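Notes follow the structure.
The values are calculated or read from the model by the stated rules, or taken from the named source; none is laboratory data. Treat the numbers as computed from the prediction; the structure is a model and nothing was measured. Using ideal geometry, Cβ is built from the backbone for each residue, glycine included, and neighbour counts are taken over all protein chains shown. Calculation scope for accessible area: heavy atoms of the full protein, side chains included, ligands and nucleic acids excluded. Shrake-Rupley method; radii C 1.70, N 1.55, O 1.52, S 1.80 Å.
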Amino acid sequence: MTIKTLEIIAFKGIQHLLLEPDGHNAVISGRNGTGKTSVCDAFLWLLFGKDSAGNKADVKPRNNLGERVEGLESDVRAVLTVDARDIELRRQWHEVWSKDPASGEKVYSRDETLCWIDGVPVKLEKEYTPYVLGLVGGDENTFKLLTDLGAFMRLNWADRRRELVKIAGGDPDAELRTREEYRNIDDILRGASPEDAKKRLLEQRRTLETELKTLPARIDELEKTMQPVTDAEVAEARKAIAALQAELDDAEALLTVAPETLKRANNLYARKRELETRRAEIERSLRQPIDEALSAAEGKLATIRRTEASLASDQLIALDELRRLQLTLAQVKDQREAKLAEWHNYDSLTYLPPDIGTVCPTCGQPLPAGQVQDACEKHRADWDAKRLASMEMVRADGVKLADRIKTVTESIAAAQVRLATLEAQIANLPDKQALVAEIKALEAACPEPAGNAAWQAVTAEIAEADKEIAQHGNSSRSAELAQRKAEIRERMQPHELVISRQELTRSVQARIEVLQSQKREAGAKIARVEGAIDLLARYVRERCAALEENINRLFRTIRWRLFEFAKNGSLIDCCDATVDGIAYIPGGNELNTGACVNADIEIIHVLSQAYGVTAPCFVDNAERVNRVGFPGGQRILLRVSEADTLTIMKEE
């Protein structure tokens, strides 16, 4: 792509400029502030609606006070030669005016963008923008890399590196994989990039090292739980358990030989439980009248207490509501006083005539006296209308506040009535002290069952049943045999503990062997992972060296470094540029200005060759460089000179 003609009208500080390089290189010179950078801004605005800084700026001309000059439309049109075909593009910042309903005069409303392709008007979003993107390869960012000095170096280092690797070509990976030492590199990469593979291996090593650190502590904990016993102790325990089990079997046999004796004992216990139930029923019947009276009194007391608590809660809520309403009333009154003061302030305002100029700001000729008088009268009428409108708005607000004061005052009165009602209800609650005294009297009046004849008869029968149970127990060996069985089981427990200790020790030893095996396996895995990390590091170093060689072959003066070594010997990815051994660092250069500019031009030249695309390249502040290189496409130098107006010179 080259610029054949570029015409700029009312764009920022440029009133009119026609650039006709006819596809050749050109030099645009002039003093600072004459619009050199605006030429580049106009070209990029024509294509993308943005300036050279990438901003969607307001391109309208402004006067000495920084105000937009109305009545002018910014217009940029160009004839571009793209692949030997001429294309005309035009973009206009068009003012839209509307009629004021009040005055009937036309007033500025908004701006809109109008576009043309080869003289045919088109829609911006649906037609113009896609067409322009098609001209620049479909990607605005790529086009910027080919036209904007320093755009490539402002990229993130990882994006710069990715772009350089893409354009360098070659396949260093294929050549390295043919070597014997790297025959297993695919198993390490597993289809991932070397960076991702390294992260995976480091994570594996961290996990294995963590596991290896915890295994000794787990083995120590298991060893502490071991309670070893000798084979002789186990044999003695088994012999003792066998003897005690024989005794236990004998006791079980004796318990089964006297079923009639057990049946008689069970009948006696059942009779006793029945008698105890009858005695409890007698005691409940004696207490029933008092329990009912006590329950009724306690229910009344609970009801009074619940009512008292509910009324107290409602009283607190009513008090809070009253305080809130009183505070609101005070605030609304303050607001109304402020509105009243604001109304008096507007009422006391005095009109001050403005200083209306008598000269046209566009052509500089004197304005007619009648037009000046009409402007003064219109300004006074507008001022009066605004003051009256403001006073009416303040008055309306004051009316609303007065209504609000009335509403809040009525709410306060209602809240006070509600509070008085609650206080009266609390004062009229029944006396709790009488109920408390009644409850205490009922609790003290509970009768003693010992004076009841029925209760005495049942108690005597229970005593007789206890006597028979005692006599039956003396004549039966059931209790004695049960006690004997319990004693035998108690004597067996120490011997059973010896057996369980042996089983626990065996289980712990088996688990320790498993953990020790895991420890050995983790150590072996760590060694394999570290070997893979070292192999990957060597592979990456050689791969990066090959990539650097492929990339640096494309450049004449710039040398790229894709990795560097840290102090600990590890490889750190980067993408740094140097010229004659001096680092080119965007925003903090040790490199001189001329070398930076020519380095940027060299980058554009290499990218243009790689993409098969050339585009106009604007070199701003070109006076800083003694000899400016060629980017491969059309070059337009923007250079400071002593001329008061822009001077355009075509380079053949």
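Some points to look at:
- Calculated FRET value between GLU513 and LYS199, using beta carbons and R₀ = 45 Å, to 0.05: 0.85
- Lys, Arg +1 and Asp, Glu -1 on Cβ, resulting dipole of segment 1-71 about Cα centre, debye, nearest 20: 180 debye
- DSSP H segments from the chain that extend 30 Å or more along their own axis, Cα-based, with Kyte-Doolittle mean of 0.0 or above: 231-255
- Simple rule: put +1 on each Lys or Arg Cβ and -1 on each Asp or Glu Cβ in the chain, find the dipole, and look at GLY13, ALA545, ILE601; the Cα lying farthest toward the positive end is ALA545.
- Extension reserve of the GLU140-ASP83 stretch, reckoned as 0.36 nm per residue once the Cα distance is removed: 18.7 nm
- Residues in segment 295-317 reached by a label modelled at LYS432 [backbone nitrogen below 15 Å; 7 Å Cα→Cβ]: 298-313
- Placing dummy labels 7 Å off each Cα toward the beta-carbon, the span from ASP58 to ASP534 is 6.7 nm.
- Normalising the average separation of contacting C-alpha pairs (under 8 angstrom, six or more residues apart) by the number of residues puts the relative contact order of the chain at 26 percent.
- Shape class for segment 119-226, computed from the alpha carbon gyration tensor (a ≥ b ≥ c): prolate, with a/c not under 1.5 and a/b above b/c.
- Mean ellipticity per residue at 222 nm, deg cm²/dmol - from DSSP H runs of n ≥ 4 across the chain, formula -39500 (n - 2.57): -21000 deg cm²/dmol
- For segment 1-142, the solvent-accessible area of protein heavy atoms averages 51 Å² per residue (probe radius 1.4 Å; ligands and nucleic acids excluded).
- A dipole drawn for the chain from +1 and -1 charges on Cβ atoms has a positive end, and of ALA296, LEU80, ASN55 the residue lying farthest that way is ALA296.
- The length gained on full extension between ASP320 and GLN15, counted as 0.36 nm times the residue separation minus their Cα-Cα distance, comes to 102.7 nm.
- The largest accessible area among ARG162, ARG218 belongs to the first residue in ARG162, ARG218, and the rest follow in falling order (1.4 Å probe, all chains).
- Accessible area per residue for segment 374-525 is 65 Å², calculated with a 1.4 Å probe on protein heavy atoms, without ligands, DNA or RNA.
- If R0 is 56 Å, the Cβ-Cβ spacing of MET393 and TYR611 corresponds to a FRET efficiency of close to 0.35.
- Surface composition of segment 285-362: carbon plus sulfur atoms hold 56% of the accessible area, using a 1.4 angstrom probe and ignoring ligands, DNA and RNA.
- Between segment 487-508 and segment 300-320, the Cα center-to-center distance that results, in Å: 66 Å
- Separation of the ASN452 and VAL417 label points, Cα + 7 Å toward Cβ, nm: 5.9 nm
- For the listed peptides 484-491, 550-557, a ranking on the average number of other beta carbons within 10 Å per residue, highest first, reads 550-557, 484-491.
- Size of electric dipole in the chain: Cβ of Lys, Arg +1 and of Asp, Glu -1, about Cα centre, debye, nearest 20: 500 debye
- Burial ranking of peptide ranges 370-381, 72-83 (average Cβ count within 10 Å, highest at the top): 72-83, 370-381
- Correct choice for Rg/Rh (Cα atoms, Kirkwood Rh) that was computed from the model, options (1) 0.99; (2) 0.96; (3) 1.30: (3)
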